[in-house]
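The values are calculated or read from the model by the stated rules, or taken from the named source; none is laboratory data. Computed from a predicted structure; not experimentally measured. Here the Cβ is made from the backbone with ideal geometry for all residues, glycine too, and neighbour counts use every protein chain on show.
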Amino acid sequence: MIEMQLGGLGFDPKNMSPIVLLRDSEERNFLPIWIGMFEAAAIAMELQEFKPPRPMTHDLLAKVITQLGGKVTKVVISEILENTFYAVVEVTVEGKKEPIKIDSRPSDAIAVAVRTDVSIFVSESVMAKAKMVNAEKDEEETKKFQNFVDHITPEDFTKYFDER
């Protein structure tokens, strides 16, 4: 397992799909994961410390786990099959020897991770299969992407939703 940090959020400039960017601690390897608009907004709101008047789904999940005596310990981006990422949210519960592993979409797992302040790991097999960006190999492309990610705001997501 490789520990990664949330490097930021952005949009794929080709199709304007949201991307969550994970990076290693040395900022040499970046793993972009394409996610849904709502999950991107949920992650962005937490990163910007915006607190909605009522709990969002990921807030609710984190609170339910805690209220039932569990503790989220980590999230793992565990597999990539046919260009689809899979994740696991690991929860420890007092009295249980093994952690409970909850199947999850990576975007939901990351949204829970930022709310519970736990580490995000990526399996080595995912890192080997995924289209990750290696900063040493493509420094110019990495700089462009990082600049793009550094300047995204939660408001950027709202322009893609219908006014209701």
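What the table shows:
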{"read-out": "Scan of the stretch 1-12 for residues that are within 14 Å of Ser123 (Cα to Cα) and crowded, with 16+ Cβ neighbours inside 10 Å, ordered by number", "value": "Ile2, Met4"}
{"read-out": "Residues located in the stretch 13-40, provided they are surrounded by fewer than 13 Cβ atoms within 10 Å (Cβ to Cβ) and of a type outside the set (Gly, Ala, Ser)", "value": "Pro13, Lys14, Asn15, Met16, Glu26, Glu27"}
{"read-out": "Tabulated pairs, the stretch 64-77, first assigned to a helix (DSSP H, G or I) and surrounded by 13 or more Cβ atoms within 10 Å (Cβ to Cβ), second modelled with pLDDT of 95 or more and not β-branched (Val, Ile, Thr), C-beta under 8 angstrom, 6+ apart or interchain", "value": "Ile65/Lys71"}
{"read-out": "Residues located in the stretch 37-61, provided they are under 15 Å from Ala87 (Cβ atoms) and touching a strand residue (DSSP E or B) at 6+ places or on another chain (Cβ under 7 Å)", "value": "Ile43"}
{"read-out": "Criterion violated by Ile43 - all others in (1) without any contact (Cβ under 8 Å) to a residue 60 or more places away in the chain; (2) surrounded by 13 or more Cβ atoms within 10 Å (Cβ to Cβ) satisfied", "value": "(1)"}
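Rundown of residues vs (1) within 9 Å of the chain's Cα centre (by Cα); (2) farther than 16 Å from Ile77 by Cβ, yes/no style:
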residue	(1), (2)
Pro13	no, yes
Met16	no, yes
Val20	yes, no
Glu26	no, yes
Phe30	no, no
Ala44	no, yes
Leu47	no, yes
